[in-house]
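Down below is the structure, laid out as structure tokens.
The values are calculated or read from the model by the stated rules, or taken from the named source; none is laboratory data. These numbers come from a predicted model, not from an experiment. Every residue, glycine among them, receives a Cβ derived from its backbone with ideal geometry; neighbour counts consider all protein chains shown. Areas reflect the complete protein model, heavy atoms only, side chains present, ligands, DNA and RNA absent. Shrake-Rupley method; radii C 1.70, N 1.55, O 1.52, S 1.80 Å.
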Amino acid sequence: ENGYITEDAAAPLYAEAAVLRAMYYYILTSTFGDVPFYAEPVTEENRQKIATLPRMDAKQTRDYCIEELYDLIVVQKALPMIRTYEGTGYRAGAAVGLMVAAKMCLWNERWEDAIMFTNWKIYMDIMQILLRSRISVWTIR
């Protein structure tokens, strides 16, 4: 709003932050299960509330992140459809966000959504990845 960058310039930065948050919450929920979760900006007024949050259901936390990544990457197209190392400055591209969302879908047993997130032709077809790495579909989770 009152910042130094335009909304167009801020959109990919916000999307990249959402990808990183989703990646960290994936690690947290797959390691610890239910964890405290919040999505609102931290202010002086809500710091105490955020500091004392109870644990949120891990599935709900992952669902929130999945929906946020879907909105930012698929609907708004806020991140470029590139591999991270193809861009300038090694900023996160859509590929890493799609992969994190797909992994969260697998944990939440949202099979069709996982297929949708992996159906983008950024790297290669998901079946080619599985064949090259010689792992079965059932060991991905």
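Hey, can you rank 11-21, 52-62, 97-107 by average C-beta count inside 10 Å, highest first? Could the numbers behind the result be given before it?
Working: 11-21: 18.1, 52-62: 15.2, 97-107: 23.0.
Descending mean neighbour count gives 97-107, 11-21, 52-62.
Any idea of the accessible area per residue across the stretch 23-65, 1.4 Å probe, to the nearest Å²?
Working: 2970 Å² over 43 residues.
Heavy-atom accessible area per residue stands at 69 Å².
For the stretch 1-87, which whole percent of the accessible surface, found with a 1.4 angstrom probe, sits on carbon and sulfur atoms?
Details: 3290 of 5860 Å².
It is 56 percent, rounded to a whole number.
Compute, for the stretch 1-56, the length of the dipole vector about the Cα centre, with Cβ point charges of +1 (Lys, Arg) and -1 (Asp, Glu) only. Units Debye, rounded to 20. Present the calculation step by step, with values, prior to reporting the outcome.
On the way: 4 positive and 8 negative charges, 78 e Å.
Roughly 380 debye for the stretch 1-56.
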